[in-house]
Amino acid sequence: MAESVALVTQPREGRGSQSARRLRRKGMIPAVIYGHKEETVSVALPLEELERAIRHGVRVVDLKSNGKEEKALIREVQWDHLGKELLHVDFARVALDERIVVTVPLEIRGVAPGVNAGGTLDQPIHTLSVECLAIRIPESIRVNVGELQIGSVIHVRDLVLPEGVKAMTDPDAIVVHITMKQVEAEAPVAAAAPEQAEPEVIGRQKAEEEEGEQPAGKGRG
């Protein structure tokens, strides 16, 4: 679980893309805080500090504003079309004893013997929906493949989850399995086309026939 991070916010005035651009030029990022039947508030916070928290896998932060501190889940992050520039963040208020449903990445650990034997590791799902305490969100769920042979399968129900974490994904869903490599069949060689007889030229045949005939009606000596 990632450590908690404290972020200091300030009230945000103004809406729209122009206001957001002005904030970003000042090194700030626009955000909203909502949930727990409280008023939704618009705030701004330091862009660099938030980006650092996101890079370190932080999911829940302590937001400080006007002497008030509250825990909030980073619920949604909006990036630019290139996925490089952070544009906006939604925070959802959470309580220490609140259980929430979040998505966490699956982390493959080890090398499967079945792969060394010529198989292929196939991973149909890369994230897992889990329910847990808001302050106990795992950074990832480890999937140990160190004993998998060709034909072996790990389902969601086989995963070892941290204490207090419950999988919400279908327990029969396949996380990883080792399959035989598919050998591509060679494309059949096209049969050579039979030699075609030279087409008969009608004009030439007629000329040859005329040459073979004796001229008729020649004068007698």
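Tabulated results
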| quantity | calculated |
| --- | --- |
| Residue satisfying condition, being under 25 Å from Gly57 (Cα atoms) and touching a residue at least 24 places away in the same chain (Cβ under 8 Å), within set Val160, Val145 | Val145 |
| Some residue of segment 123-133 being modelled with pLDDT of 95 or more, farther than 30 Å from Ala20 by Cα and in contact with a His (Cβ under 7 Å, 6 or more places away or on another chain) | no |
| Boolean, Pro171 is touching a helix residue (DSSP H, G or I) at 6+ places or on another chain (Cβ under 8 Å), modelled with pLDDT of 95 or more, assigned to a loop (DSSP other than H, G, I, E, B) and not assigned by TED's automatic domain parsing to the domain that holds Ser17 | yes |
| Any chance Ile154 is outside the structural domain of Gln10 (by TED's automatic domain parsing), over 28 Å from Arg25 (Cβ atoms), in contact (Cβ under 8 Å) with a residue 60 or more places away in the chain and under 23 Å from the mean Cα position of the chain (by Cα) | no |
| Pick from segment 1-28, criterion touching a helix residue (DSSP H, G or I) at 6+ places or on another chain (Cβ under 7 Å) and over 16 Å from Asn66 (Cβ atoms), ranking: modelled with the lowest pLDDT | Arg24 |
| Count of segment 23-59 residues which are touching a Ser or Thr at 6+ places or on another chain (Cβ under 6 Å) and either assigned to a loop (DSSP other than H, G, I, E, B) or among the aliphatic types (A, V, I, L, M) (or both) | 3 |
| Elements of type strands (runs of 3 or more DSSP E) in segment 90-160, at least 1 residues being in contact with a Pro (Cβ under 6 Å, 6 or more places away or on another chain) and not acidic (Asp, Glu) | 99-109, 127-133 |
| Looking only at segment 29-48, and only at residues there that are free of Cβ contacts under 8 Å to residues at least 24 places away in the same chain and closer than 20 Å to Gly67 by Cβ, the one that is farthest from the chain's Cα centre (by Cα) | Glu39 |
| Filtered residues of segment 6-40 (kept if surrounded by 15 or more Cβ atoms within 10 Å (Cβ to Cβ), under 26 Å from Arg136 (Cβ atoms) and among the aliphatic types (A, V, I, L, M)) | Leu7, Ala31, Val32, Ile33 |
| Unique residue being within 11 Å of Ala92 (Cα to Cα) and at pLDDT 90 or above when the list is Val43, Val32, Val77 | Val32 |
| Criterion: touching a Leu at 6+ places or on another chain (Cβ under 7 Å), surrounded by 10 or more Cβ atoms within 10 Å (Cβ to Cβ) and at pLDDT 60 or above - qualifying residue of Val165, Val143 | Val143 |
| Some residue of segment 60-77 being closer than 30 Å to His126 by Cα and in a loop (DSSP other than H, G, I, E, B) | no |
| Any hit, segment 65-82, residues being out of contact with any strand residue (DSSP E or B) (no Cβ under 9 Å at 6 or more places or on another chain) and of a type in the set (A, V, I, L, M, F, W, C) | yes |
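Table: residues versus (1) touching a Phe, Trp or Tyr at 6+ places or on another chain (Cβ under 7 Å); (2) buried (at least 18 other Cβ atoms within 10 Å of the Cβ); (3) not assigned by TED's automatic domain parsing to the domain that holds Ile174.
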residue: Arg52; (1), (2), (3): no, no, yes
residue: Asp62; (1), (2), (3): no, no, yes
residue: Asp80; (1), (2), (3): no, no, yes
residue: Arg109; (1), (2), (3): no, no, no
residue: Gly114; (1), (2), (3): no, yes, no
residue: Gln123; (1), (2), (3): no, no, no
residue: Leu133; (1), (2), (3): no, no, no
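The values are calculated or read from the model by the stated rules, or taken from the named source; none is laboratory data. The model shown is predicted, which means the values in this text are computed figures rather than measured ones. For neighbour counting, all protein chains shown are included, and Cβ atoms are generated from backbone atoms with ideal geometry for every residue, glycine included.
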